[in-house]
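One structure is given here, and the rest of the page talks about it.
The values are calculated or read from the model by the stated rules, or taken from the named source; none is laboratory data. Quick caveat, the model's predicted, so the values are computed rather than measured. Cβ sites come from the backbone with ideal geometry, for glycine too, and all protein chains shown count toward neighbours.
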Amino acid sequence: MPESVDPTPEPLPELPLPPPPDPAVVLEKMRREWDERARENARYYVATANENWTDEEYFESGRINVSHEVLTDMINICQGKDPKQMKVLEIGCGSGRITRALAEVFGEVYAVDISGEMIAQAKETLKDRPNAHVFQNNGTDLSVLGDIEVDFAFSYIVFQHIPSRDVIRNYVREVARLLRPGCLFKFQVQGDATLLTSPEDTWIGVPFSDEDAVAMAEECGFEPRHRIGAGTQYFWLWYFRR
């Protein structure tokens, strides 16, 4: 009689996980591709609801976003301060759509973007707003701003495009460095793990679970007091500086 054959196949050896992407490579790709998007159609890539924004429509869309996400949350944001006496930081200002609206509410706005092309357009957009200051940063830190102290930090539809958690964590740590104790950093991350992502993709960024968001806050010196939208592309986080 033939020998019996074990129907259970031998387990395949575990393949090593690919190394995380080099942040320097990711940042250079982000800078290059956002410069290209800015040259092609900056306003569309900042706000994809319209391919051909007029000035009036574009700036009004920024006011609407600030009205929904900032003006409805002034208790958390101002904490008794006069907004006209506050310094505000914006991460990922693009061509200045949100920056312009923030400058209408707060005393001083400092905004950064990795794209030199976006910053050039933002400077033109904001030339009649002397309280709005925009800078091209290196994508790894906020050293371009020195050691200024800010009372509120905000980022709108920016981290959803970043494919590296290391880059995002660096930004969060740097915001903690500049934000006064007790003050708020309100921002979004990409929370939908079903979206196909890749370290090579600078449009759909790396996803964060609720647990990931809590861990990042605690690691970087924040209290993750509120979170809305876990599991969606627009996962809002309220990080209060410890």
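Structural remarks
- Within region 172-201, the set of residues being farther than 21 Å from residue 86 by Cα and either among the aromatic types (Phe, Trp, Tyr) or buried (at least 21 other Cβ atoms within 10 Å of the Cβ) (or both) comprises 188, 189, 190, 191.
- Test for residue 74: is it at pLDDT 95 or above and either among the hydrophobic types (A, V, I, L, M, F, W, C) or more than 19 Å from the chain's Cα centre (by Cα) (or both): yes
- Cβ pairs under 7 Å, 6+ apart, first in region 159-184 and without any contact (Cβ under 8 Å) to a residue 24 or more places away in the chain and hydrophobic (A, V, I, L, M, F, W, C), second buried (at least 18 other Cβ atoms within 10 Å of the Cβ) and in a helix (DSSP H, G or I): none
- Among the candidates 88, 109, residue that is buried (at least 24 other Cβ atoms within 10 Å of the Cβ), touching a Leu at 6+ places or on another chain (Cβ under 8 Å) and closer than 19 Å to residue 172 by Cβ: 88
- In region 80-99, the residues that are in contact with a strand residue (DSSP E or B) (Cβ under 7 Å, 6 or more places away or on another chain) and not hydroxyl-bearing (Ser, Thr, Tyr): 81, 86, 87, 88, 89, 90, 91, 92, 93, 94, 96, 98
- Strands (runs of 3 or more DSSP E) wholly inside region 52-164 that include at least 1 residues being in contact with a Lys or Arg (Cβ under 6 Å, 6 or more places away or on another chain), over 27 Å from residue 207 (Cα atoms) and among the charged types (D, E, K, R): 108-113, 150-154
- Filter pass, residue 197 being closer than 22 Å to residue 115 by Cα, touching a Lys or Arg at 6+ places or on another chain (Cβ under 9 Å) and in a loop (DSSP other than H, G, I, E, B): no
- Check on residue 206, of a type in the set (Val, Ile, Thr), more than 19 Å from residue 90 (Cβ to Cβ) and in contact with a Ser or Thr (Cβ under 9 Å, 6 or more places away or on another chain): yes
- Selection of region 70-95 for residues being free of Cβ contacts under 8 Å to residues at least 12 places away in the same chain and of a type in the set (S, T, N, Q) yields only 72.
- Applying the set (1) outside any helix (DSSP H, G or I); (2) over 25 Å from residue 78 (Cβ atoms) to residue 212 leaves exactly one unmet item: (1).
- The criterion of being part of a helix (DSSP H, G or I), in contact with a strand residue (DSSP E or B) (Cβ under 7 Å, 6 or more places away or on another chain), farther than 30 Å from residue 225 by Cβ and of a type in the set (A, V, I, L, M) does not hold for residue 38.
- Checklist (1) within 17 Å of residue 166 (Cβ to Cβ); (2) outside any loop (DSSP other than H, G, I, E, B) applied to residue 205, failing item: (2)
- Single residue of 184, 142, 178 found to be farther than 17 Å from residue 236 by Cα, modelled with pLDDT of 95 or more and either in contact with a helix residue (DSSP H, G or I) (Cβ under 6 Å, 6 or more places away or on another chain) or among the small types (Gly, Ala, Ser) (or both): 142
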